[in-house]
1. Long-range amide H contacts for VAL117: which residues qualify at under 5 Å (H placed 1.01 Å from N, peptide plane, sequence gap of 5 or more or a different chain)?
2. What ³J(HN,Hα) values, in whole Hz, does the Karplus curve 6.51 cos²θ - 1.76 cosθ + 1.60 give for region 176-193 when θ = phi - 60°, with x put for Gly and Pro?
3. Ranking request for peptides 227-240, 75-88: highest mean number of other beta-carbon atoms within 10 Å first, then the rest in descending order.
4. How far is helix 266-281 tilted, in degrees, relative to the longest principal axis of the Cα atoms in the chain, given as a value from 0 to 90 rounded to the nearest 10?
5. Compute the long axis of helix 127-139 from its Cα atoms, compare it with the longest principal axis of the Cα atoms of the chain, and write down the angle in degrees, 0 to 90, nearest 10.
6. Add +1 for every Lys or Arg and -1 for every Asp or Glu among the other residues with Cβ under 12 Å from the Cβ of LEU115, and state the total.
7. HN-Hα J couplings of region 52-67 from phi, Karplus 6.51/-1.76/1.60, θ = phi - 60°, integer Hz, Gly and Pro as x?
8. Roughly what % of Cα-Cα distances in region 115-209 sit above 16 Å, to the whole percent?
Amino acid sequence: MLLAALVLSCGKPWADTPCVPQAGGEPLCLPQPARRVVSLAPHLTEMLFAIGAQSRTVGAVDRSDYPAEARALPSVGAYHSPDLERLLALKPDLVVAWASGAPPAQVERLRGLGLAVWLTRGEQLDDVPRELRDLGRLTGHAPRAEQVARAYEDELARLTEAHRNLRPVSGFYEIWPQPLITVSDRHFIGQAMARCGIRNIVGEAMGATPTWSEEAVVRARPELLLTSPPARDFQRWRRWSELPAVRHDMLVVMPADVLMRPGPRLIEGVRALCEAADRARSLPRE
């Protein structure tokens, strides 16, 4: 039904006109697959390379550092404040942006300048394969995008099934130390924790990345304390020797980037989370 609605809204056959939904549900239709793409988020740059559309990627925001070849792309500045002059000089026929990172005023300004902007959601684990497929349609790389999306889905299903009936392990994920920012079950990291059998002590708190208190963490006595670079200093927690995570040295730094970016490498982060949960699960329960 969604595909049919998109086709009708664009007024051309699907085969001729790539049409995909955006973060708000409205469609974006192009007259033909994009040939000059600018990425306004590092994980979207990764997606473009993963689906084989690197030759059509003419610019990206700073920190678009994976794969290594992406570092050679012309920079259009920071993702939250791209340099419009540099962006326009690249003559893109498609700009891809992340709703959680691109200021709405910037997006509207780009659209006001006549640029096609695809605004992605990137909030849920399941957004990754869907957006890979959509990006494949927009760039004319649908077959490769389907392969990458299917591999992600298959591995996520395998990890979920392998941990479905295991003992839950209580855990807390620190995104930033001061103020103490974490993830709730609404965030894709919180969803990844659940897939691995980690019970997030934050639960369904208001917002995806709520500010939390150290006292609340201590009261919850998590078996697993997790973080990712650059927030990787666990000294604050080592003071609380009564915490199971501290007593058993289950203070784990996840691989950089793979768990913080909602792109194709997110599945590597889920795998690392599951491995950490398995280690915690093997220790004596308190």
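What follows is calculated from the coordinates using simple rules that are stated; it is not laboratory data. Here the structure is a predicted model, which means the values were calculated and not measured. Cβ atoms come from the backbone with ideal geometry, glycine included; neighbour counts cover every protein chain shown.
1. VAL95
2. Couplings: 8, x, 9, x, 6, 10, 9, 10, 9, 5, 7, 8, 5, 5, x, 5, 5, 4 Hz.
3. Details: 227-240: 14.7, 75-88: 16.4.
Highest-to-lowest ranking by the protection proxy: 75-88, 227-240.
4. Roughly 10 degrees between the two axes.
5. Approximately 20 degrees, to the nearest ten.
6. Values: positive: ARG36, LYS91, ARG109, ARG111; negative: ASP93, GLU108.
That sum, taken over residues with Cβ under 12 Å, equals +2.
7. Listing the rounded values in order: x, 9, 5, 5, 9, 8, 9, x, 7, 6, 4, 6, 7, 10, 9, x Hz.
8. Details: 2848 of 4465 pairs.
Result for the distance tail: 64 percent.
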